[in-house]
Amino acid sequence: MASKALQGKAAIVTGASRGIGRACAEALARAGCAVTLTGRDEAVGKAAANDIRAEGGEAHFIQQDVADAAAWPDVLAQAERLMGGVDTYVANAGISSPKNAVDMSLQEYRTLMDINLSGVFYGLKHCVAAMRRRGRGGSAILMSSIMGKIAAAGYTHYCAAKYGVLLMAKAAALELGPEKIRVNSIHPGLISTDMTAVFPKEAMAPLIPMGRFGEPHEIGDAVVFLASDRSHFMTGAEIVVDGAMSIR
């Protein structure tokens with residue numbers, strides 16, 4: 001990807017304080033995109049935005065709980081004010097709380113679904129409205145998982161949410177294609193983040209044909225591609241970034 005491929009564009013990235021979300025924000029900024037990072041941890045989020053600015057990028061932070069539907073209009077209003085508009089939505093915020101279905105409480109189920117599925121929908125709804133106001137199309141990138149394509153014991157609610165994200169992207173792609181708003185999903189495998197620290201690398205790496213965990217910046221590279229004109233005829237697609245783990 002050529003440098004500054006996203007010059008003049010603006011993106012909002014949820015769950016961007018750390019891990020994959022931060023890597024996505026950094027990659028977008030390096031490509032010339034103005035970026036608004038959102039997350040629940042204000043101190044960590046502001047530090048991430050400061051680091052991007054220190055490298056010459058344009059970055060802002062807004063504290064946000066994506067599951068709070070009522071707060072989304074204000075988040076978008078702030079982002080548009082800071083960046084002049086929104087061209088790209090990266091729905092990255094998510095949690096993982098493994099537990100067998102019959103053992104989890106209804107509150108545990110609802111909390112994960114509120115963040116991992118409903119929060120993605122709220123953002124899609126309001127970011128598409130912002131793209132329409134900007135009037136030049138856009139790209140919505142919904143972060144699913146290989147667990148949105150293959151099942152895993154102990155992750156019933158997580159798999160359900162991530163499969164929901166996959167089909168949300170496809171249905172929205174059909175609805176928004178005439179407006180030149182593209183909607184695609186990304187499906188990371190085991191990526192080296194805090195969330196995957198529970199998986200011992202020495203035991204799991206042999207299950208990955210490429211022999212290693214992925215790195216957050218490798219998801220960021222896929223996000224830049226989907227945000228750029230290099231993917232201008234791609235919508236409703238599933239981008240799997242997992243070292244071939246899911247096709248063994």
Is there any pair with a first residue in the stretch 66-94 that is free of Cβ contacts under 8 Å to residues at least 12 places away in the same chain and a second that is among the polar types (S, T, N, Q) and crowded, with 24+ Cβ neighbours inside 10 Å whose Cβ atoms are under 9 Å apart and which are 6 or more apart or on different chains, and what are they? A71/Q64
The lone exception for A140 - which of (1) closer than 23 Å to S105 by Cβ; (2) of a type in the set (A, V, I, L, M, F, W, C); (3) not in a helix (DSSP H, G or I) it fails: (1)
Out of all the residues in the stretch 181-207, which are under 19 Å from K149 (Cβ atoms) and at pLDDT 95 or above? V183, N184, S185, I186, H187, P188, G189, L190, I191
Within the stretch 108-117, count every residue that is surrounded by fewer than 17 Cβ atoms within 10 Å (Cβ to Cβ) and of a type outside the set (D, E, K, R). 1
Residue within the stretch 147-169 that is charged (D, E, K, R) and in a helix (DSSP H, G or I) present: yes
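Listed here are the residues, each with its yes/no results for (1) acidic (D, E); (2) surrounded by fewer than 16 Cβ atoms within 10 Å (Cβ to Cβ); (3) within 23 Å of G57 (Cβ to Cβ).
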| residue | (1), (2), (3) |
| --- | --- |
| E80 | yes, no, yes |
| G85 | no, no, yes |
| L106 | no, yes, no |
| I146 | no, no, no |
| H157 | no, no, no |
Looking at (1) small (G, A, S); (2) surrounded by fewer than 16 Cβ atoms within 10 Å (Cβ to Cβ); (3) in contact (Cβ under 8 Å) with a residue 12 or more places away in the chain, which is the one condition that is false for A222? (2)
Criterion: more than 17 Å from the chain's Cα centre (by Cα), farther than 16 Å from I20 by Cα and not in a loop (DSSP other than H, G, I, E, B) - qualifying residue of P178, P209: P178
Hey, among D74, D65, which residue is among the charged types (D, E, K, R), surrounded by fewer than 24 Cβ atoms within 10 Å (Cβ to Cβ) and assigned to a loop (DSSP other than H, G, I, E, B)? D65
What single numbered condition from (1) closer than 23 Å to H232 by Cα; (2) touching a residue at least 40 places away in the same chain (Cβ under 8 Å); (3) of a type in the set (S, T, N, Q) fails to hold for Q7? (2)
Close pairs from the stretch 32-48: first at positive phi and surrounded by fewer than 24 Cβ atoms within 10 Å (Cβ to Cβ), partner modelled with pLDDT of 95 or more and not small (G, A, S), Cβ under 9 Å, at least 6 apart: G32/L6; G32/Q7; G32/K9; G32/E58
Looking at (1) within 22 Å of S144 (Cα to Cα); (2) touching a Leu at 6+ places or on another chain (Cβ under 7 Å), which is the only condition G32 fails? (1)
Cβ pairs under 8 Å, 6+ apart, first in the stretch 95-121 and charged (D, E, K, R), second part of a helix (DSSP H, G or I) and buried (at least 17 other Cβ atoms within 10 Å of the Cβ): E108/H157
Residues that are surrounded by 14 or more Cβ atoms within 10 Å (Cβ to Cβ) and outside any loop (DSSP other than H, G, I, E, B): does the stretch 90-97 have at least one? yes
Hey, any hits in the stretch 194-206 for a residue that's surrounded by 13 or more Cβ atoms within 10 Å (Cβ to Cβ), closer than 25 Å to C33 by Cβ, out of contact with any Asp or Glu (no Cβ under 7 Å at 6 or more places or on another chain) and touching a residue at least 40 places away in the same chain (Cβ under 8 Å)? yes
Taking first residues from the stretch 137-151 that are closer than 16 Å to I208 by Cα and second residues anywhere that are β-branched (V, I, T), the pairs with Cβ under 7 Å that are 6 or more apart or on different chains are I146/V240
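The values are calculated or read from the model by the stated rules, or taken from the named source; none is laboratory data. Given the structure is predicted, the values throughout are model-derived calculations rather than measurements. Here the Cβ is made from the backbone with ideal geometry for all residues, glycine too, and neighbour counts use every protein chain on show.
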